[in-house]
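Worksheet for the structure shown next.
The values are calculated or read from the model by the stated rules, or taken from the named source; none is laboratory data. Source: prediction; values computed, not measured. Ideal geometry is used to build each Cβ from the backbone, glycine not excepted, and the neighbour counts take in all protein chains shown. The protein model used for the area step is the full one, side chains on, heavy atoms only, and it has no ligands, DNA or RNA in it. Shrake-Rupley method; radii C 1.70, N 1.55, O 1.52, S 1.80 Å.
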Amino acid sequence: MKNIILKIILLLATSLLANSQQEQSASDIKCGFNQTKYFDEVADYSNSHNKLQNQVLSINDSSECSQHFVIPVVFHVFVNNGENIVPLEQVQSGLDVLNRDMNGLNDDYDDVDPYFLNIRSKLNITFALATIDPEGNPTNGITYHPTNSGFGNHIGYDDTIRTYAWDNYKYMNVYIMLDLYGDGVTNQSGIAWYPNTYMSNNNLARIVYNYSYLGNKGSSFASENFQSVFTHEAGHWLNLAHTFQGGCEGDNDMVDDTPSTLVSAGCGPNTFSCGHPANGDNYMDYTDCYSMFTEGQVDRMLTALTTHPARFPLWQIENLKATGTFQYYKPTVPSSQFIVSEDTITEGESISFTDISCGEPNNWKWEFEGGIPASSNEKNPNVLYEIPGIYVASLIASNEEGSSKTTTMEITVKADINSSVSESNEGLDLFVYPNPTSDAVQIRNLQNFNNQFKLYDNLGNIILDGIISRNIPNINLEKLNSGVYFLRVFSSNQEYYTKIIKN
């Protein structure tokens, strides 16, 4: 009888404990502190890759094509009998919640405070369990290990973490345990680090998370809102700070459209903090109403993904194939975009063209007016410009889904002042007429009686050369094909140039 009563008491106690655990609130969120020395690193890379950042953001704002990012993930679970305590379905449910939130698919996405409704935004991203491990073997994206603790600390555990880590440039590493700091406290929710090259180089980049709050299956007892704390940590991993960082007077989170706020100010349209409406729905606060990121936060995450070397390699197609996550990638008709190493150079210099088209094109059609080569099918060609002028470079990117529209950019090639090259100026240096022409051109304002000239095609090949004089200033072009040509005239230790169009 005593045994029966004892079992009933234990059953009731367990039931009460489970019910109390379900009643979680913002005060229960315990996200580890991120070292701010890592926070500015993305900004440094962003500044040095400013054109890339702006191009990628413009792509994602385009209705034609939105780059789909896939992030391969591995979970390292540190708990005895982990296959049963934190099973595959629980880990997958955690990623399902994360993908739901990041893509704005949560049921309350349209129910945010009306004050912030027009600035909410979302990523086009999928976090997927790897199916190929670093050695090329099949995996379900989870590794199980005996119970361990302390991986949430900033120092003291680096050597241990490295022994379990998978290549940080190929996988997002998530470490699952109950005691994050090795201090006996088991209700800390999680901690994540901002993008940092030192950490990725040393396989220390990570999210450390409490399995009690992961997803909605297995050993998780997280409430629906509390399940999104993992989204909060992924936001840190993509370079988002807490919205309340710095309080009312501090630098906040370096995002313009998230108002300064105090931690856990609350939810609802009548909630104010620091003298203005509080964005309590924001995933990067501590609240009971997680439901949105702002446009500025999404731009910041995109900047981390597209400019920081610790995040950029993860979503490249080659890596998705290497980690077995390419199946999640959603192809689309490309939107051609490219950046250049420089858009203004001196004659005789080269420009590196880099394709950043979204939609994963596999064919490229480049045209380079005035460049060598004049065209290319390479993804990222280098082009030499020998003749001063203003030229147009263009790209059409395509894949099996279709072809993009043509994207163009102007390239300015300046004369080398060290070689005394002067820009042609009608009435002052050279006056070439008629231009365009169908047969010949005349050159006026020649300083010397005899002057050497060279005529180039747009590949930089010399088509004609010879001597012209003030008495016979004509150049016969009758035998040339229609197109654009470049004329250089050498006179009195000076060089003059101009563009000629042959009809």
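On a full-extension model of 0.36 nm per residue, what is the gain between Glu378 and Lys479, subtracting their alpha-carbon distance, rounded to one decimal in nm?
Between Glu378 and Lys479, full extension yields an extra 33.1 nm.
Tell me, what is the percent relative contact order of region 158-257, built from C-alpha pairs under 8 Å that lie six or more residues apart? Show your work: numbers first, answer last.
Numbers: 138 pairs, mean separation 24.0, N = 100.
It rounds to 24 percent for region 158-257.
Put simply, when 465-478, 261-274 are sorted by average Cβ atoms within 10 angstrom per residue, most first, you get 261-274, 465-478. Solvent-accessible area of region 226-374 (1.4 angstrom probe, protein heavy atoms only): carbon and sulfur portion equals 50 percent. Lys and Arg at +1, Asp and Glu at -1: add these up for the other residues within a Cβ distance under 15 Å of Leu180 and post the number. Net charge around Leu180: -2.
The figure for Asp281 is an accessible area of roughly 20 square angstrom, using a 1.4 Å probe on the protein chains alone. The packing ranking of peptides 432-439, 368-375, 91-98, highest mean first, is 91-98, 368-375, 432-439, where packing means the average number of other beta carbon atoms within 10 angstrom of each residue. What does the C-alpha gyration tensor say about the overall shape of region 279-393? Classify as rounded when a/c is under 1.5, otherwise prolate if a/b is larger than b/c, or oblate. Because a/c hits 1.5 or more and a/b exceeds b/c, region 279-393 counts as prolate. Residues in region 259-275 carry Karplus couplings, in order, of x, 4, 7, 9, 4, 6, 5, x, 10, x, x, 9, 8, 10, 8, 6, x Hz; the curve used is 6.51 cos²θ - 1.76 cosθ + 1.60 with θ = phi - 60°, and Gly or Pro positions show x. Extension gain for Ala440 to Asn118 (0.36 nm times residue separation, less C-alpha to C-alpha distance): 109.8 nm.
Asp158 exposes around 40 Å² of accessible area when a 1.4 Å probe is run over every protein chain in place. Only the Cβ atoms of Lys and Arg (+1) and of Asp and Glu (-1) were treated as charged; on that basis the dipole of region 104-249 about its Cα centre amounts to roughly 300 debye.
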